[in-house]
Amino acid sequence: MKLDPIYLLVTHPTGQYDVLVGAGLLPNLADLAQIRGPIALITDSNVGPLHADRLGGVACTVTIPAGEQHKTLATVQTVYDQLLVAGIDRQATIVALGGGVVGDVAGFVAATYMRGVAFVQCPTSLLAMVDASVGGKTGVDMPQGKNLVGAFKQPTAVLADVSTLQTLPPEEFAAGMAEVVKHGLISNPELFGRLETGDWRLTHQSPISSLQSLVATAIKVKRDVVQEDPFEQGRRATLNLGHTFGHAIEQVSGYRVRHGEGVAMGLVAAANLSARLEHCDPAMQGRIENALQAQGLPTRIPAEFEANAIYQAMFSDKKKAAGKLRFILLRDVGDVFVTAAATENEVLASVTAVQFT
Ligand code: GLY
């Protein structure tokens, strides 16, 4: 099915690019993304078999193993090797086809291979469409923590073909909805309201036009934030709402908890901490839980994850400043801020408060 794209222009310090949100875009990749030279496609073992053959004119395809555990420098090295064997040079454009891991790895390769080649993102997961593919962050994980090595590499275009969402497992779609809820909380009360009331309760099987509208609405939030603060000197940090808790929960689970599920639990914990520190109405936590549960997301931290272990895991998060943990807290829907003013006891109390008993 085809759906004419919505164009969202993103400006950044060295230029601008379009994010196209539509359906049936992938077969026209080269035209829509205005790619002139050869295309080097980077995809993964889940997405490649489903969607890679929809892209025409690909000079070389590199398939990495699927999964966050492969977002490593070792994977980057294997991609460099294959690009060199295929004779890919600086005239090429690297195209990422897949979820957040593929985009992060391919973007890091594009930032560094031959000192940098052009880069286009074709996100195929909801999470990658509404968050990871926009804003130029790329990178890999280290044994010490997530996203510890990376580069800012702006794409020259992003093609969000929402027809690819139809092949997502339902729990992957739901995981992406956690970032959509987050975007509503950061700066779009109308979006949050539609999610809270159940007016916007979408699944991977929802009408393609509804998926397009949801994705475009969520991307606009991200676009506006990264345009204002491309290098995370200030406001961009608010995109990490729920992430200090969420990354730690993911890590303690040995990455059995999906990123979006960790973010969902983290949003609830952040609301609990916000109310505990008297920044927001205590009812906020319940409102966020309702919005997340309506999307089929978990909102409680499994009891087997020790509060202390979660607290310690937060210290491997690169978002801590000068050894201090930073939290994004809420005053209200659409009113969030960054603070380092939370004590260990307050954080532990909030983790415990949102755990299953
Ligand atoms: N995913 C958070 C950011 O792009 O800044």
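The values are calculated or read from the model by the stated rules, or taken from the named source; none is laboratory data. On a predicted model such as this, the values are computed, not experimentally measured, just so you know. Neighbour counts run over all protein chains shown; Cβ positions are idealised from the backbone, glycine included. The protein model used for the area step is the full one, side chains on, heavy atoms only, and it has no ligands, DNA or RNA in it. Shrake-Rupley method; radii C 1.70, N 1.55, O 1.52, S 1.80 Å.
Below are the figures for this structure:
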| read-out | value |
| --- | --- |
| Other-chain or far-sequence residues with amide H under 5 Å of LEU168's (modelled H) | none |
| Shape category assigned to region 221-288 from the gyration tensor of Cα positions, a/c cut at 1.5 | oblate |
| Cα long-axis angle, helix 243-252 against the chain (0 to 90 degrees, to the nearest 10) | 80 |
| Normalised contact order of region 128-197, rounded percent, pairs of Cα under 8 Å and 6 or more residues apart | 23 |
| Protection proxy ranking of 96-105, 213-222, 132-141, 9-18 - average other beta-carbon atoms within 10 Å, highest first | 96-105, 132-141, 213-222, 9-18 |
| Mean separation of Cα contacts under 8 Å, 6 or more apart, over the residue count of region 252-352: relative contact order % | 32 |
| Mean separation of Cα contacts under 8 Å (6+ apart) over length of region 16-71, as relative contact order % | 36 |
| Most fluctuating residue given options THR244, THR112, THR124, as computed from a GNM of the chain linking Cα atoms under 10 Å | THR112 |
| Per residue accessible area of region 1-152, 1.4 Å probe, in Å² | 41 |
| Radius 11 Å from Cβ of GLU172, net charge of other residues (Lys, Arg +1; Asp, Glu -1) | -1 |
| Chain lengthening between PHE356 and LEU73 when straightened (0.36 nm per residue, less Cα-Cα) | 98.3 nm |
| Out-of-range pairs (alpha-carbon distance over 23 Å; input LYS153/LYS222; LYS2/LYS182; LYS71/LYS153; LYS146/LYS222; LYS146/LYS220) | LYS2/LYS182; LYS146/LYS220 |
| Positive minus negative residues near GLY103 (Lys, Arg vs Asp, Glu; Cβ under 12 Å) | 0 |
| Restricting region 23-89 to trypsin sites (Lys or Arg not before Pro) in coil, as DSSP defines it, with at most 16 other Cβ within 10 Å | ARG36 |
| Qualifying GluC sites (Glu not before Pro) for region 251-357 [loop in DSSP, other Cβ within 10 Å: at most 11] | GLU278, GLU304 |
| Tensor-based shape of region 116-259 (alpha-carbon gyration tensor, a/c under 1.5 rounded, otherwise prolate or oblate) | rounded |
| Loop-located chymotrypsin sites (Phe, Trp or Tyr not before Pro) in region 145-209, at most 11 other Cβ atoms within 10 Å (DSSP) | none |
| Angle between the chain longest axis and helix 73-85 axis [Cα atoms, degrees, rounded to 10] | 10 |
| Three-way shape call for the chain based on the alpha-carbon gyration tensor, with the a/c threshold at 1.5 | prolate |
| On Cα atoms only, tilt of 283-294 relative to the major axis of the chain in degrees | 40 |
| Simple Cβ-charge dipole of region 186-327, Lys/Arg +1 and Asp/Glu -1, about Cα centre, in debye nearest 20 | 300 |
